[in-house]
Structure formats: structure tokens, C-alpha cells
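Before any comments, here is the structure.
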Amino acid sequence: MINSASQKIIIVGGVAGGATAAARLRRLDEQAEIILCERGEYVSFANCGLPYYIGDTISERSKLILQTSQSFYNRFRIDVRVKHEVISINRYSQTVTIKNLANGETYLESYDKLILSTGALPINPIQEMNYIRESAVAKTPEKYFSLRNIPDSDRIKDHIDTYRPNSAIIVGAGLIGLEMAENLHKILIDVTLIDSADQVLPQLDIELASEVKTYLEKNRVEIELGCSIKKMVDKGIHLEITLSNGRVLETEMLLFAVGVRPDTYLAKNAELALNERGYIQVSEHMLTTDPNIYAVGDAVEITNFITKQPDWIPLASPANKQGRIAADNICGINSRYGGTQGSTILKVFDLTIAATGIHERTAKRLEIDYEKIFTYSDSHASYYPGASKISIKTLFNPKTGKILGAQMIGKDGVDKRCDVLATALRFGATAKDLIELELCYAPPFSSAKDPINMIGYAIENVLTKRVRNIHWHDVADLPRDNSVIFLDTRTMDEFLNSHIAGFINIPLDELRERLDELDSSKTIYVTCQVGLRGYIATRILMQNGFDAYNLNGGFRLWKSIIG
């Protein structure tokens, strides 16, 4: 349904949600007057591709620009005004004040409906640190950067091309930080990652984050966690960086990738409702507290699809969906945003990292009833060349088996497995549903029992109590007395190479013949390399009258965090 009277719609912000809203509006209403104001030079550019442009994976800068002002007008007859910043909103007269950044002039523009797609701004902690620029080098170029848009990438690339730095420090070990670490490394720049958190990638729990950290270090990326920059001195040729842990580093360039904050200056001054963290509050129709103003993208508070709690998850795909929904409602279509589940994927060197749904820290914080399992499956049939392991952590409801979230790491097949789980999660799937999924199989692509099916089987074993698990963090608290037996079921060579203190070794294939060596009055805690042999051993023991528990994730997981 389209409103009978032609409308005038102003969109503030021309990237992601704003550009999507503009195109959708035109497809729905050929007569509407649509003005899109963007304070930057570009609309509809691929900001997620910027690290790969800096690393020369994307060699043509023009590939990052998806639409120009002219192409937008040619295709959609939309009035796109770049370098035009909306500086204020008068809700009562339904006007905005726009500043032409090219000449400094300001003017008023009326609207029937307004869409705010102001996005987020990178956090720059330079003001919070002791920054000294020695007088002798006052005329040398700045050596610190952030990355949010094409001009940012131009500055970084120009600096690299002009000064050929050999080293860089990246502050922030999140998505952008890791992508930039890979791409700077690719163009032969030594990289050090610094983060105040105790792990890389806040999207992951510690188990998989530890695996990513180890992999980065194997690729010669130096990592300093649990610290921040306290002092920075520009010495001309390099920056001298003093960390909070006392270490002093030298680097030729510094990149801040510590996250973003919502750009809600306009909304705040217009007295639209914001939450306590400064995000614009909107309805499921993307409508603000003003009936004529919508807001979409990184600046808005959303509902977490899993927890049903207010949240903020700045991702491109949700922003685009929200832009479309705002346009629909302006044109009389009752579209609703169903919440964000946080599906994320990242490439770091040869590793793929993906996640969907909630992680364990969120479950604990919100006191959500959950259990977790770790599975390690081949990306495709093990006998077909090129198979590699996918490490998967899955959270589920221990009563119903409903999937709450998953994280995974591997070199191949991670994207499609996380996409399947993201889809399953969106439709409320349980472990039983994962078991019953009929997924494509041929040796180059998968196994007859896909890793997704294996997650379902593993959860079902927990729900039916065919196995009782302990986790890596439980091991230190287990009793060390005569009431328990610690059993490692790996081969003798694996055991002798490294094992958890206090464990004895009986290889799985010998266990049935050596049951008389075990005291059935004692509780037995079993481990193997990744949990599979331990599960089989636990089944043998339980069916022979033993009280047995399996270390989920096995020795491999325990060692990656504790060892």
C-alpha cells in the first residue's frame, strides 16, 4: 500500500541503511521526493572492504564505491547531496538545517518523513593518553589513524606508500583490528596488537579466542593483552609507545581500532528518546519517539533476537534490513524488525572465524539457563584431500535442547556451517532438528554426518544423560584424593608427550580388557584429545557399572587455555 499523497522524505546518512532506504522508497513510491544528505564525499561504499584495499587484495579503489551521486540519480531519481551535513532538526516545524560543507552556507529543508542513518564514529583514545610531539619533529606527518571510511583508507594507504613503514601497532583486537593485522602483514609490515581485554575478539568466548591468539602468534603477529597505551612520544622517524604494563615499544604507525560509538548528536538535540548508553530507541517499525522520524543502523538500540533484551550490534546486514523496513512503513507497509542475532564472520590469514547468537558471557550476565558442548569435525570427508578440523562451541538450553548460539574456527567450510546454524537459530531449532537436517553430501564438501548433525548428536547425548560432561575450567576444582580416578584414553605416545597432572593412561582400544585395573567405587574423570574417545570410553565405563564423566573438548581444549 502506498500513501495516496506524494511525500517528501529526507534521509540523513548515505551508507548501508540510508542508501537501502532510499532505493526501497523509490521502488515503492515513484512520486515521492527523496533527498539523501551525506556529509562525506561518498554514498553507498563498501566500508567492510577497506582493510583489503589497504592490503592490496582489492587493487582498484573504484571497486569500493557501489553507487555515486550521479548513478543514484540515474537509476532512482534520488536527490543525493554529498558534503551536505544535516546539523539540526526542528521536529515541530518538520524542517532540518543543512550545511553545504563545500561553501559553508546553511539552508532549511522541510520534510514529511525523516530517516536518521547517522551510523557510528570510531573511538579515538588519543585524547585520553599522554601524547607528546617533540618540537624537533613538529612538522613531520601524524602517524596515528583510524579506519571508518574511504578518506580514512586513503590517508593510511598514502602514508604507507610515502613512508614505507616496517612496523605498525594496532590498538584493538576486534574484527577491524584483526583484519588490519592480516592486511598490513601481507604488505610486509610487522604488526603488534594491543588490547585492554584479556582476549582477542570479544565476539568469541575464551576457548575459541585462545585458539585465534595462538594462530595469530604463529603468523608472527605480536600480541599484548590486558594493557593500554599510557604515553606516546612522536620522535619523528617513529613513535615511542609506553604501555600500562611498563613495556616500551617503537613503531612507525599506529592504528586505533578500539570500536565505535553511536553518532546520535542530531537525535539528542532533537530530544528523541535515547537509552542510557546514547543509542536511539526505536520501535519494531524503526520509528523513533517522533511519529515522523525513523532511525536505522549503528546508531539505534535493537532487540537481541535470542535474549529479547535491548542491545546494540553494529553490523551491515541488520542496517540494510532496517533501512528497508523504515521505507516500507513510510509507504504504508507493516514491516517489522525481528531483532539481531549477531551473525559474524571474519577471515584472518587462512583461518575463518564465525559466530551467531549469544556467547557464554552474555548467558551468564543475563542468568540464562544454558549448557555448552565442544565438537571437532572434519570440514569434509577425512579421506578426501584437504580436509581440516572445524572447532565448534555450541550453547543450548539444557532442558529443551534449543540452540542459543555457536562459535567456530577452521580453514574450510566454516561459513556454510555457521550460516546453517544461524538459519536454524532464527527458526528456533533444537538439537533434534540439527540431527534431522538433510544436508548436501559428497566427499569434497562434507561427511555423511555433517558437523551440524554431529552437534545435534552431541547435545542429544547430554540431554539423554548418555554422557555427563565436565569442562576445562572444572578440572582444577576436582577432588585430588582417593575417591577419584583420572583417566587419559589417548595412545601411550600422546600421553607421554603431554598430559594433565594426575591422570593415568589406558588407551581406549585397551580399556575393555583392562577394566579390572579400575576401582568401580571411585568416580572416574575421562579425557582424550578432543572428547570423542573420551565419550566412547565413558559409555564403556557407564555400561559396566562405573560412575564416569567426560572432559568435553578434551586435553586439546584444556591445554589451549590452561597449559
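The values are calculated or read from the model by the stated rules, or taken from the named source; none is laboratory data. Source: prediction; values computed, not measured. No Cβ is skipped: glycine too gets one built from the backbone with ideal geometry, and neighbour counts run over all protein chains shown. Surface accessibility is based on the protein's heavy atoms, side chains included, excluding ligands, DNA and RNA. Shrake-Rupley method; radii C 1.70, N 1.55, O 1.52, S 1.80 Å.
Could you list, in sequence order, the residues of segment 63-87 that are among the hydroxyl-bearing types (Ser, Thr, Tyr) and open to solvent by 50 Å² or more (accessible area, probe 1.4 Å)? Explain how you work it out, then say what you get.
First pass over segment 63-87, keeping only residues among the hydroxyl-bearing types (Ser, Thr, Tyr): 68-69, 71, 73.
Within segment 63-87, Thr68, Tyr73 meet the criteria.
Are there any strands (runs of 3 or more DSSP E) wholly within segment 202-265 with 1 or more residues that are among the hydroxyl-bearing types (Ser, Thr, Tyr) and open to solvent by 10 Å² or more (accessible area, probe 1.4 Å), and if so which?
Working: elements: 222-225, 229-234, 239-243, 248-251, 254-256, 260-262.
The strands (runs of 3 or more DSSP E) meeting that bar are 239-243.
Tell me, yes or no, whether segment 113-136 has at least one residue that is modelled with pLDDT under 90, in contact with a Phe, Trp or Tyr (Cβ under 9 Å, 6 or more places away or on another chain), among the hydrophobic types (A, V, I, L, M, F, W, C) and closer than 30 Å to Ile89 by Cα.
Yes, segment 113-136 contains a residue that is modelled with pLDDT under 90, in contact with a Phe, Trp or Tyr (Cβ under 9 Å, 6 or more places away or on another chain), among the hydrophobic types (A, V, I, L, M, F, W, C) and closer than 30 Å to Ile89 by Cα.
Would you pick out the residues in segment 546-563 that are at pLDDT below 95 and either of a type in the set (S, T, N, Q) or buried (at least 20 other Cβ atoms within 10 Å of the Cβ) (or both)?
Ser560
Applying the selection to segment 33-62, what residues are open to solvent by less than 40 Å² (accessible area, probe 1.4 Å), among the aliphatic types (A, V, I, L, M) and either free of Cβ contacts under 8 Å to residues at least 60 places away in the same chain or closer than 27 Å to Leu188 by Cβ (or both)?
Within segment 33-62, Ile34, Leu36, Val43, Ala46, Leu50, Ile54 qualify.
Contact list please: Cβ distance under 6 Å, first residue in segment 422-441 and within 19 Å of Ser379 (Cβ to Cβ), second residue crowded, with 18+ Cβ neighbours inside 10 Å and acidic (Asp, Glu), pairs at least six apart or on different chains.
From residues that are within 19 Å of Ser379 (Cβ to Cβ), the pairs are Leu439/Asp450.
Considering only residues that are of a type in the set (A, V, I, L, M) and part of a helix (DSSP H, G or I), look in segment 288-322 and name the one that is nearest to Val12 (Cα to Cα).
Selected residue: Ala299.
Conditions tested, residue by residue: (1) open to solvent by 10 Å² or more (accessible area, probe 1.4 Å); (2) in a helix (DSSP H, G or I); (3) of a type in the set (A, V, I, L, M, F, W, C); (4) within 23 Å of Ser391 (Cβ to Cβ).
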| site | (1), (2), (3), (4) |
| --- | --- |
| Glu494 | yes, yes, no, yes |
| His499 | yes, no, no, yes |
| Glu513 | yes, yes, no, no |
| Val530 | yes, no, yes, yes |
| Tyr535 | yes, yes, no, yes |
| Asn544 | yes, no, no, no |
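Considering Ile313, Ile325, which residue is farther than 30 Å from Ile189 by Cβ and in contact with a Phe, Trp or Tyr (Cβ under 7 Å, 6 or more places away or on another chain)?
On the way: Ile313 fails: in contact with a Phe, Trp or Tyr (Cβ under 7 Å, 6 or more places away or on another chain).
Only one candidate qualifies: Ile325.
Any chance segment 399-408 includes a residue that's more than 17 Å from the chain's Cα centre (by Cα) and on the phi > 0 side of the Ramachandran plot? Break it down into steps so the answer makes sense when it comes.
Of the residues in segment 399-408, the ones more than 17 Å from the chain's Cα centre (by Cα) are 399-403.
Pick out the ones that are also on the phi > 0 side of the Ramachandran plot and you get 401.
The answer is yes, given that some residue of segment 399-408 is more than 17 Å from the chain's Cα centre (by Cα) and on the phi > 0 side of the Ramachandran plot.
Conditions tested, residue by residue: (1) in contact with a strand residue (DSSP E or B) (Cβ under 6 Å, 6 or more places away or on another chain); (2) of a type in the set (Lys, Arg); (3) within 24 Å of Ser146 (Cα to Cα).
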| position | (1), (2), (3) |
| --- | --- |
| Gly259 | no, no, yes |
| Asp263 | yes, no, yes |
| Gly278 | yes, no, yes |
| Pro291 | no, no, no |
| Asn304 | yes, no, no |
| Lys308 | no, yes, no |
| Asn329 | no, no, no |
| Ser335 | no, no, no |
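If you check Ile435 against the conditions, is it over 17 Å from Ile206 (Cβ atoms) and open to solvent by less than 10 Å² (accessible area, probe 1.4 Å)? Show your work before the answer.
On the way: over 17 Å from Ile206 (Cβ atoms): yes; open to solvent by less than 10 Å² (accessible area, probe 1.4 Å): no.
In short, no.
Of these, Ile435, Ile353, Ile333, which one is assigned to a strand (DSSP E or B) and in contact with a helix residue (DSSP H, G or I) (Cβ under 8 Å, 6 or more places away or on another chain)?
Ile353
I'd like the full set of residues that are surrounded by fewer than 22 Cβ atoms within 10 Å (Cβ to Cβ), assigned to a loop (DSSP other than H, G, I, E, B) and in contact with a Lys or Arg (Cβ under 9 Å, 6 or more places away or on another chain), limited to segment 148-186.
Within segment 148-186, Pro165 is the sole residue that qualifies.
Could you please tell me which pairs satisfy a Cβ distance under 7 Å, a separation of 6+ or placement on different chains, a first residue in segment 213-230 that is in contact (Cβ under 8 Å) with a residue 12 or more places away in the chain and under 15 Å from Ile169 (Cα atoms), and a second residue that is open to solvent by 30 Å² or more (accessible area, probe 1.4 Å) and of a type in the set (A, V, I, L, M)?
Leu225/Ala197
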